Amino acid sequence: MKRLLVTGSNKGIGRAVVEAVLDRYTDVFVYLGCRSLERGTDARNQLGAKNHEYLSRIKVVELDVTSEQSVCEAEKDVRGECEAAGTALYGIVNNAGVFSSPAGIAEVLEVNLFGIKRVFDHFYSILDTEDARVVNVTSASGPNYLSSADPLVRRVLTDSQVTWEDIQHVVQLFLQNIENAAAVDQAQKASSAYGFSKACANALTVLQARLFPSLAINACTPGFIDTDLTRQLASMTGRDPADMDMKLPRDGVESTLFLLMAAAPTITGWYLGSDCKRSPLDTYRAPGDPEFKGN
């Protein structure tokens, strides 16, 4: 049985991914990762109420992607189970994400960028190095941000040879610049930080794929989905999610599932649109538009 970790999966797109995997693939066991065991247990019970069989293939794992200790303890838990079952971890879906945080813009980057790296770095050693899939759930906000970004930032975050030091450097520049932009209102700051964090996450995906060529590591956008995260954007702009044509979480799982289960293992280092087609890192490509062919 394949074993899969999904972070931030007690609600929204993460939970929808868990449900879709359990429904479509009966040979998959899911680690439902979330910050709160209580909320994770509630999510597990709700899934079990839909199909009692799911309960035998879900384990809730307490996992705060911003905490080194939490990620380390979660890895030990999952490692122990994998070793007992005599199998490796098949995949990771790095889904945990925030649009804004009371703790400030740095926390958005801590979750959306550093959290992805932290989870991968800890769980890499238990991945199946011959067949593993890693999916970093990002957003079209990344390409949208880069389409009008400073040329230096755009060049760094679209470079096929980008390094972690390069990404950290532009993060520091971003934090310095945005904190000094006192005239920018909070909605603009939050939107800018979110888009920047997702652009960085896409660049990190390219880096990870280059450093670990035996794995299939890709990023994707789920589309414009009605979740707690996107409702923050709607609230800040004074609009209603329905008026913004947001779709339901169950409509945002296809690109993730494609990369997990259907994509050729040679596909790696790509960013996919919600229609499962390759998309550029620095320009928005709408679903149905011609597929990006790469550089």
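Coordinate-derived values only; no laboratory data. Just so it is clear, the model here is predicted, and its values are computed rather than measured. Backbone-built Cβ (ideal geometry, glycine too); neighbour counts: all protein chains shown.
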Checklist entry - Is the shape of region 1-95 best called rounded, prolate or oblate, per the rule: a/c under 1.5 gives rounded, else a/b larger than b/c gives prolate, else oblate, with a ≥ b ≥ c the square roots of the Cα gyration tensor eigenvalues? => result oblate
Checklist entry - Given 0.36 nm per residue, what is the gain on full extension from residue 55 to residue 248 after removing their alpha carbon distance, in nm? => result 67.1 nm
Checklist outcome for this item: For 204, 175, 257, ascending order of other Cβ atoms within 10 Å (fewest first) is 175, 257, 204
Checklist entry - Which angle from 0 to 90°, rounded to the nearest 10, does the C-alpha axis of helix 12-24 make with the longest principal axis of the chain? => result 40 degrees
Next on the checklist: Exceeding 19 Å between C-alpha atoms, which entries from my cross-link table qualify? They are 2/117; 59/198; 2/198; 76/117; 11/117.
Outcome noted: 2/117; 59/198; 2/198; 11/117
Next on the checklist: Test of understanding: ordering 1, 261 by Cβ neighbours within 10 Å, fewest first, what list do you get?
Outcome noted: 1, 261
Next on the checklist: Using Cβ contacts closer than 10 Å as the measure, can you line up 153, 162 from fewest to most?
Outcome noted: 162, 153
Checklist entry - Within straight cross-link reach of residue 247, meaning Cα distance under 14 Å, which aspartates and glutamates are found once same-chain residues fewer than 8 apart are removed? => result 226, 228, 275
Checklist entry - Once the Cβ-Cβ distance between residue 165 and residue 103 is put in as r, and R0 is 30 Å, what FRET efficiency do you end up with, to the nearest 0.05? => result 0.75
Checklist outcome for this item: The helix 186-211 Cα axis meets the longest alpha-carbon principal axis of the chain at an angle in degrees, between 0 and 90 and rounded to 10, of 60 degrees
Checklist entry - What is the packing order of peptides 139-148, 21-30, taking the mean over residues of other C-beta atoms within 10 Å and listing the highest first? => result 139-148, 21-30
Next on the checklist: Using amide H atoms built in the peptide plane, which far-off residues or other-chain residues are under 5 Å from residue 5 H to H?
Outcome noted: 31, 91, 92, 93
Checklist entry - Sequence-distant or interchain residues sharing an amide H contact under 5 Å with residue 127, placed H: which? => result 89
Checklist outcome for this item: Whole-Hz Karplus couplings 3J(HN,Hα) for region 84-93, θ = phi - 60° and coefficients 6.51, -1.76, 1.60, Gly and Pro as x, run 5, 8, x, 9, 9, 7, 6, x, 10, 10
Checklist entry - Rounded, prolate or oblate: which one fits region 41-166, using the alpha carbon gyration tensor with axes a ≥ b ≥ c (rounded when a/c is under 1.5, else prolate when a/b beats b/c, else oblate)? => result prolate
Next on the checklist: Just to check I understand the Karplus step: with θ = phi - 60° and J = 6.51 cos²θ - 1.76 cosθ + 1.60, what whole-Hz values come out for region 283-295, glycine and proline as x?
Outcome noted: 8, 5, 10, 6, x, x, 5, x, 5, 5, 9, x, 6
Item to check | Rounded to 10°, Cα long-axis angle of helix 37-50 versus longest principal axis of the chain | outcome: 60 degrees
Next on the checklist: Nearest 500 deg cm²/dmol is fine: what mean residue ellipticity at 222 nm does the chain get from its DSSP H runs of n ≥ 4 alone, each adding -39,500 (n - 2.57), divided by its residue count?
Outcome noted: -13500 deg cm²/dmol
